[in-house]
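Here is the structure we will look at.
The values are calculated or read from the model by the stated rules, or taken from the named source; none is laboratory data. Quick caveat: nothing in here was measured; it's all calculated off a predicted structure. Every residue, glycine as well, gets a Cβ built from its backbone with ideal geometry; the counts of neighbours run over all protein chains shown. What goes into the accessible areas is simple: the full protein's heavy atoms, side chains included, and nothing from ligands, DNA or RNA. Shrake-Rupley method; radii C 1.70, N 1.55, O 1.52, S 1.80 Å.
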Amino acid sequence: MFLGLDKNIKINMRKYKNEFEDFRTNTNIQRCEKLGIALLILNMILIAIDLVVFKDMRAETPSYLYLFYLHIIAFILIIAWFTFLKLNRKFNNVIDEKLLYHILINIALYWCVFIGLNDLYINGQITVFIICILAISACVYVTPVEAFITYAISITIFIIGLVFVIKDEQILYAHIVNSGVVTFIAYIASNLSFKGFARDFINKKNILESKMELEVTNQKLKEYEKLRTAFFANISHELRTPINVIYSAQQMMEFTLNQNELKEDEINKYLIMAKQNSHRLIRLIENLIDITKIDSENFQVDFVNLDIIKLVEDITIAVARFVEDKGLTFTFDTCVEEKIISCDPKLIERIVLNLLSNSVKFTEDGRDILVYIYLEDNKVCISVKDNGIGIPDEMKELIFDRFIQVDKSISKRREGSGIGLALVKSLVEMHRGSITLNSNLGEGSEFIIKLPDSMLVENKKIENISNLEADYLERINIEFSDIYD
Ligand code: ADP
């Protein structure tokens, strides 16, 4: 249609269609109420003039009588329109208000068509028609199609009227051209005001949306900043504590050695302390390096086909003694004896040890830890379950985010950097797997890893786990280094 909307506005209009239509209807109804009141007052004045000034003329000239009737009809129609509007609102808009403003625009338009024709009959002018139709075009916001239909019908009726009123052919053509041009200008004006209205609406909407987006980003930044500060405070503590312990152990060793008495037990005690804290430092630094590598997509994964059941079983056997030493009961169970899938054994080891070290860390003495493997929906599921302190509902999603730790009062101030589970999640996802958590506060937690039951097709060779020369003990010492007796 003529003077169509810009492509950009059209795209946005589709997005906000309903909101825009509601806003347009409200604005138009408000404007129509004002237009209706203006027309009511105008018609009242005109009726008064008709009654007082044109009293005698009415008897002589029929057009004054028609004019009088026209003012009365317009007055009644507008009162009826207002009544209808109020009733419609009372009955929760049984009729779409859009229809109501179209009715008022048409009342106004036909009022201006007939007043124009009368004016022409009495004065030979169509000035009233010109003024009225231009004023109405600026009043409400109608779409180009609605404007085209409304103006086309009203100008057709006006031209039919002209043919009846004007006898002189030349004057008739002149008036047809004049009224046609004016209606066309009114149509363009109506289109321009609709376009301006739509553009304003879209701009406001976009500004509002950008503002909201900014607020969300701002909020996220603030939270990130809080997290960053907390992380640095925590990481400084995590770095300083083992260094302090190593330093103190070394000083104590020096002191013991200087005493000229060889106290082997004491030296051993300090050596163990230094070793455990070195492991703790290695774990922290390794984790930090790994998440940086994952971020820069530089993390190396070496997939091989191997028996995942055997791998997990070997890890758990290696860890069992360590866990039992902590006073916990440890069980490994599986529903299948063998399952060959493609995975990176070093990463599976990291994942399982990480989950196990958390279970040990957050489970009181005398309780149980269970590792169970089962198959489900073409997936190999590894469940690591404990009946420890559990995780509160609001933290269940968050603990997989970096640097997140459950409130220290709940986790009883255990050591940790909050990187472990985020790393585990990334490592599981590198295997195209997923990790879920079932937990109840005070009752325990179950972490379930689901790995796709698939093998490498390009390399059908199946690795023998013992060939991998896994040094579980060193790894366990590192992964369990922040657990103290
Ligand atoms: P951290 O190094 O602090 O242990 P993780 O990312 O491994 O970091 O764990 C994040 C937090 O999740 C822990 O600080 C702890 O609050 C909670 N959590 C993890 N595993 C368990 C579990 N098995 N039982 C209870 N809480 C757990």
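Here are the numbers for the structure shown:
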read-out	value
Solvent-accessible heavy-atom area per residue, rounded to whole Å², over the chain at 1.4 Å	55
Over 22 Å between alpha carbons, listed pairs Lys34/Lys211; Lys226/Lys346; Lys385/Lys450; Lys7/Lys205	Lys34/Lys211; Lys226/Lys346
Extension gain, Asp333 back to Asp393 (0.36 nm per residue minus Cα-Cα distance, nm)	18.8 nm
Kyte-Doolittle mean at least 1.6 and Cα axial length at least 27 Å: DSSP H helices in the chain	144-165
For the chain: relative contact order, % (alpha-carbon pairs under 8 angstrom, 6 or more apart)	12
P(r), alpha carbons of the stretch 86-169 - 5 Å bins starting at zero, rounded %	3, 13, 22, 20, 14, 12, 8, 5, 3, 1, 0
Sequence of Glu215, Glu458, Glu364 when ordered by accessible area, the most exposed leading, probe 1.4 angstrom	Glu458, Glu215, Glu364
Built amide H within the under 5 Å cut-off of Arg367, gap 5+	Thr329
For the stretch 429-455 versus the stretch 333-380, the gap between their alpha-carbon centres in whole angstrom	9
The chain: antiparallel DSSP beta bridges as a percent of all, rounded to 5	75
Within the chain: Cβ-based charge dipole about Cα centre, in debye rounded to nearest 20 (Lys, Arg +1; Asp, Glu -1)	2640
Accessible area of Ile79 in the full protein assembly, 1.4 Å probe (Å², nearest 10)	80
Nearest-10 value in Å² for the accessible area of Arg475, using the 1.4 Å probe	40
Inter-label distance, nm, simple model (7 Å from Cα along the C-beta direction), Asn106/Glu266	10.6
Protection proxy ranking of 189-201, 169-181 - average other beta-carbon atoms within 10 Å, highest first	189-201, 169-181
Neighbourhood charge, 14 Å Cβ-Cβ cut-off, centred on Pro452 and excluding it, Lys, Arg +1 and Asp, Glu -1	-1
Over the chain: helical MRE at 222 nm, DSSP H runs n ≥ 4 each giving -39500 (n - 2.57), nearest 500	-23000 deg cm²/dmol
Simple spin-label estimate for Glu429 and Asp168 in nanometres, 7 Å along Cα-Cβ	8.5
Rule-of-thumb Rg ratio for the stretch 150-222 [Cα; 2.2 N^0.38 Å; N residues]	2.14
Per-residue SASA entry for Thr61, accessible area with 1.4 Å probe, Å² rounded to 10	40
Accessible carbon and sulfur surface of the chain relative to its total accessible area, %, 1.4 Å	59
Alpha-carbon Rg/Rh ratio, for the chain, with Rh computed the Kirkwood way	1.38
Centre separation in Å (Cα based) which lies between the stretch 225-244 and the stretch 96-170	78
